[in-house]
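Report on the structure given below.
Derivation of every value follows stated rules applied to the coordinates shown; laboratory data play no part. Keep in mind that what you see is a predicted model, and the values were worked out from it rather than measured. Neighbour counts run over all protein chains shown; Cβ positions are idealised from the backbone, glycine included.
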Amino acid sequence: MDRRAEFKAVYDEVYPLTVRIVYSITGRLHVAEELCQDAFIRYYQHMDTIPTREQAKFWLIRVSKNLALNHEKQRGRESTAYQRAYRQPVRGPESGETSVLKEEAYKAVQDALEELPENLRLVLVMREYGNLTYREIAESLEISEANVKVRMHRARERLAKVLKEADIYVP
Amino acid sequence: MYHNGEDISAYLDGELASEAAAELERELETDPYARAELDRLRTVDQLLGSESLSGEEGPDFESSRERTWMALEHRLGLRQPLWKRRVTLPYPAVAAAAVAVFVLVGLLLWFGGPQLGNAPSVAGTSVRDVDVHIAAGGTEGEKLLRWLNEQEVVGAASVELPDVAQFRIMGEPRLIKAAEFRSRGE
């Protein structure tokens, strides 16, 4: 398989994962696309040193995740506020009290997710939005599977606590 | 055996080993606290996982994949030449094109047939019956005659000179002595 074909095969397999993870961190699709592009360009330049497709997958997840986190750090608190406003849900056909409660719940979850420490937030994002297994998360973050298990539970605990305190409606 | 929250969380993710998962399921049936813990953590997952909860449509990741690939092809210079690109055609379009080709060929055969049938009479026409006039200048005329001779197709050719002779002045005019001119003529 030539270089281009191998690159395309990796892209088709890994892009759907990376874009979901980066999107869940940045909250904006066009930003996620740009960051994923940068990650894949870096991979193309280094692909000779990454022998297997599985290693390529973890490498790309790691790089795109780091790019997303750096991007968010650069944007800072001010832009986080903008991001929240940007992610305000558009009201669907459902209206009335139920819809308002659902919107509030969604916003509270997103806010709570953003408030989580980075190490907890990442495992949750990778699991929920990237649909990665504990082993894959461990490989991507270069930590043990046991550590992933602990972090997943802590992340859920924190979110559950925040949601309880906010008395969030669960549809 | 008492399972901690981490096990219940891993169970939710399908990450608990089958033996441990079976044991936890037995515990969940009898222990209301374990059951409550499972429900609590499951609620968080429901809230996280339901993007439709917000009422807004989720992003179109498939379009995103295609869009980003095109951008990558451009930035990395990976775009393949036209003849190497894979073209996917829908079956109905291919079938319609095939039918159109058959109909076209059929029409050509139908209307073109009688004309093709005249071909033998054209082939039987003698070259002598053909009267061809070709206007050619001095050197071109000579070249044409040589070429016709080489082809060994033309039996005879007649050269028709123009009624009025035309002369062209070659080179620059020069004055010479009368004696010199006479000696050239001899």
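Each label was represented as a point 7 Å from its Cα along the Cα-to-Cβ direction; for B:Arg184 and A:Glu115 these points are 11.5 nm apart.
Amide H to amide H, with H built 1.01 Å from N, A:Leu116 comes under 5 Å of no residue 5 or more places away or on another chain.
Express in nm, to one decimal, how much length is gained between B:Leu109 and B:Ala156 on full extension, taking 0.36 nm for each residue of separation and deducting their alpha carbon distance. Intermediate results must be reported in sequence, preceding the final value.
Values: separation 47, 0.36 × 47 = 16.92 nm, distance 3.97 nm.
So the extension gain works out to 12.9 nm.
Label sites at A:Thr52 and B:Asn149, each approximated as a point 7 angstrom past Cα along Cα to Cβ, lie 8.3 nm apart.
Can you sort A:Met152, B:Met170, B:Met70 by how many other beta carbons sit within 10 Å, fewest first?
Details: A:Met152 25, B:Met170 5, B:Met70 11.
Going from sparsest to densest Cβ surroundings: B:Met170, B:Met70, A:Met152.
For A:Leu132, the residues whose amide H sits under 5 Å from its own are A:Arg127, ignoring neighbours fewer than 5 places away on the same chain, with H placed 1.01 Å from N. The residues A:Ile25, B:Ile8, B:Ile176, when put in order of fewest to most other Cβ atoms within 10 Å, stand as B:Ile176, B:Ile8, A:Ile25. In sequence order, the stretch A:50-56 has phi-based couplings of 10, x, 9, 5, 5, 5, 4 Hz under the Karplus curve 6.51 cos²θ - 1.76 cosθ + 1.60, θ = phi - 60°, and Gly or Pro positions carry x.
Using a cut-off of 25 Å between Cα atoms, the listed pairs A:Lys73/A:Lys164; A:Lys65/A:Lys149; A:Lys65/A:Lys107; A:Lys57/A:Lys164 include A:Lys73/A:Lys164; A:Lys57/A:Lys164 as exceeding that distance. For the pair B:Ala17 and B:Val99, label points projected 7 Å from Cα toward Cβ lie 6.4 nm apart.
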